[in-house]
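Comments concern the structure below.
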Amino acid sequence: MKLPDYDNEHLIFGLLFMLSNQLQVIGDSFFDEITTKQWFVLGMLGTMAGYEPTLNELSDAVGSSHQNVKQLILKLEQKGFVELRKDEADSRRLRIKMTPKCNEFNLNYAQRSEEFLHRMFTDLKGQDLVTTLHTLLTLKKNLEGMERDYVK
């Protein structure tokens, strides 16, 4: 792939969007019942195993707005992957629980999901992965600082 004659910052900025779009297109074709974004939300929910987070807690973990995550969760609820219930201490809060259907889905796709990630990271090993992770975490930290200044 021939890259345009831009500085590295502009190229990386554009590539982040391109990769995000490509990942979504491929991922949306990968699963029969859910989208890539729904898969990511379920994955983050899975990291909270044994705990039923609120929408706000899950939104923070996902790095997206409460409204966006709520829409994804409502669609997952309609498909039977999660259950929503009011928090016992504060009825304004909704708690999210994975259903047996979600657990079954995760088991059915476990091997294919691992193969998907393995293929995505083919040719990236050892120090390349460490450097990539460090770079992405630094970008995330920088964006969090910018969020305080730009997002109202």
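The values are calculated or read from the model by the stated rules, or taken from the named source; none is laboratory data. Bear in mind that the values here come from a model prediction, so they are computed numbers and not experimental data. Using ideal geometry, Cβ is built from the backbone for each residue, glycine included, and neighbour counts are taken over all protein chains shown.
Among the residues of this structure, Asp123 does not count as one that is among the acidic types (Asp, Glu), assigned to a helix (DSSP H, G or I), without any contact (Cβ under 8 Å) to a residue 60 or more places away in the chain and within 24 Å of Leu23 (Cβ to Cβ). If I filter segment 97-118 for residues that are of a type in the set (A, V, I, L, M, F, W, C) and within 30 Å of Val151 (Cα to Cα), do I get at least one hit? No, segment 97-118 contains no residue that is of a type in the set (A, V, I, L, M, F, W, C) and within 30 Å of Val151 (Cα to Cα). So, in segment 80-112, of the ones that are of a type in the set (Ser, Thr, Tyr) and free of Cβ contacts under 8 Å to residues at least 60 places away in the same chain, which residue ends up nearest to Phe30 (Cα to Cα)? So, considering only residues that are of a type in the set (Ser, Thr, Tyr) and free of Cβ contacts under 8 Å to residues at least 60 places away in the same chain, the one nearest to Phe30 (Cα to Cα) is Thr99.
Would you check if there is a residue in segment 32-55 being assigned to a strand (DSSP E or B), of a type outside the set (A, V, I, L, M) and farther than 14 Å from Cys102 by Cβ? Among the residues of segment 32-55, at least one is assigned to a strand (DSSP E or B), of a type outside the set (A, V, I, L, M) and farther than 14 Å from Cys102 by Cβ, which makes the answer yes. For the structure I just gave you, tell me whether Ile26 is assigned to a helix (DSSP H, G or I) and either in contact (Cβ under 8 Å) with a residue 60 or more places away in the chain or over 19 Å from Lys140 (Cα atoms) (or both). When the stated conditions are applied, Ile26 passes them. Contact annotation: no residue pair with Cβ atoms under 8 Å, 6 or more positions apart or on different chains, pairs a residue in segment 55-70 that is without any contact (Cβ under 8 Å) to a residue 24 or more places away in the chain and outside the structural domain of Met44 (by TED's automatic domain parsing) with a partner that is exposed (fewer than 13 other Cβ atoms within 10 Å of the Cβ) and not acidic (Asp, Glu). Phe40 fulfils the conditions (1) farther than 30 Å from Thr135 by Cα; (2) within 16 Å of the chain's Cα centre (by Cα) except for a single criterion, (1).
To keep it simple, each residue is scored yes or no on (1) in contact with a Phe, Trp or Tyr (Cβ under 6 Å, 6 or more places away or on another chain); (2) surrounded by 12 or more Cβ atoms within 10 Å (Cβ to Cβ).
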position	(1), (2)
Lys75	no, yes
Lys86	no, no
Arg93	no, yes
Cys102	yes, yes
Tyr109	no, yes
Ser113	no, yes
Arg119	no, no
Thr131	no, no
Leu136	no, no
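Just one of the listed residues (Leu107, Leu139, Leu129, Leu84) is part of a helix (DSSP H, G or I) and under 21 Å from Leu42 (Cα atoms), namely Leu107.
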